[in-house]
1. Quick one: 3J(HN,Hα) in Hz for the range A:147-156, Karplus 6.51/-1.76/1.60 with θ = phi - 60°, rounded, Gly and Pro as x.
2. Per residue of A:68-77, count partner chain C-beta atoms within 10 Å of its C-beta, then hand back the mean as an integer.
3. Once phi is turned into θ = phi - 60°, what whole-Hz ³J(HN,Hα) does the Karplus curve with 6.51, -1.76 and 1.60 give for every residue of the range A:65-77, x standing for Gly and Pro?
4. Residue by residue through A:92-99, how many Cβ atoms from other chains fall within 10 Å of the Cβ on average?
5. Modelling each spin label as a point 7 Å along the Cα-to-Cβ direction, I'd like the A:ARG93/A:GLU120 distance in nm, to one decimal.
6. Given labels modelled 7 Å from the Cα in the Cβ direction, how far is it in nm from A:TYR109 to A:THR4?
7. Return the sequence-ordered ³J(HN,Hα) values of the range B:33-46 in whole Hz as given by the Karplus equation 6.51 cos²θ - 1.76 cosθ + 1.60 applied to θ = phi - 60°, using x for Gly and Pro.
8. Could you tell me the distance between the Cα centroids of the range B:3-29 and the range A:1-71, to the nearest Å?
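Only the coordinates and a few stated rules stand behind these numbers; no lab work does. Predicted model only: the values in this text are computed from it and were never measured. We place every Cβ from the backbone using ideal geometry, glycine too, and count neighbours over all the protein chains shown.
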Amino acid sequence: MSLTGEFIAFIILALAAISGAIFMINLQKVVHMVVALVFTFVSIAGIFVLLHAEFIAAVQILIYSGAITIIMLFGIMLTKHNDKSEQKMSMARTIIVFIGVVAFGFSVYLGINNLDFGQEATALHENNTEKIGIELYSKYVIPFELTSVVLLVALIGAIVLSKRDEKEEAKKE
Amino acid sequence: MSSVPLSAYLTLALILFCIGLYGALSKRNTIIVLISIELMLNAVNINLVAFSRFGVSANITGQIFALFVVAIAAAEVAVGIAILISLYRNKRTVNIDEMDSMKH
């Protein structure tokens, strides 16, 4: 493993992503957590560029750092917190969850530790977007159309769920 | 040949997934739980894209799958926040421990 530019870039981006995630877990205020999460999302977009997936990187920035973060902020601002996320969970339960997660991570790590298939797709970065478009509209037309149905259902469902029910409101008052 | 091996990408994704899993299991605020789930989905996306470059039959299919995961994640977070807001309107809380009216 020589110290090439790609390796250095990977180390920096990986450290940024992991530190953003750890900040997300440890910060006290909910809005700060979302900002830390944006940091992680942008670093992951950089990882995608390293993996020759420029289109996915652009989608990551647009959808995750843009749309999903804004939706999260709406959710935070439409509900009232005491601005701090309360930590009233018992210590024993936290430790049990921590041990379980570490055990899961270690056992998966044993599996992927030396995984190498010895081959590499070298032409992924040439006309990346065009290739994705051709593949999407030739091989994966039906899943693509089903995705549009799912998005429509989610849109209508979100509106119906969060719409204020006027009659019940009047009944309460 | 690339200087960063496949296992490095997979390990990064594993670490992010574990952090997300810990957050989803240990936090009491529903919004934080949703955020942690997003982090786990992102880790899975790293795996898919890494396999699209280094997998057994490496081709662009992995990136297509990552796109589908992004679309479904966006739908999931929209519905999740909508449920959260209507729950908040009825129960005035975002604490996940108090959302237990479907018990018994």
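1. Using θ = phi - 60°, the values come out as 4, 5, 5, 4, 5, 5, 4, 5, 4, 5 Hz.
2. The per-residue average across the peptide is 5.
3. 5, x, 5, 5, 5, 5, 4, 4, 5, 4, x, 5, 7
4. Working: counts 0, 2, 3, 1, 2, 6, 4, 0.
Going residue by residue through A:92-99 and averaging, the value is 2.
5. Modelled inter-label distance: 4.7 nm.
6. For A:TYR109 paired with A:THR4, the spin-label model returns 2.6 nm.
7. In residue order, the calculated couplings are 4, 4, 4, 5, 5, 4, 4, 5, 4, 5, 4, 4, 4, 4 Hz.
8. 12 Å
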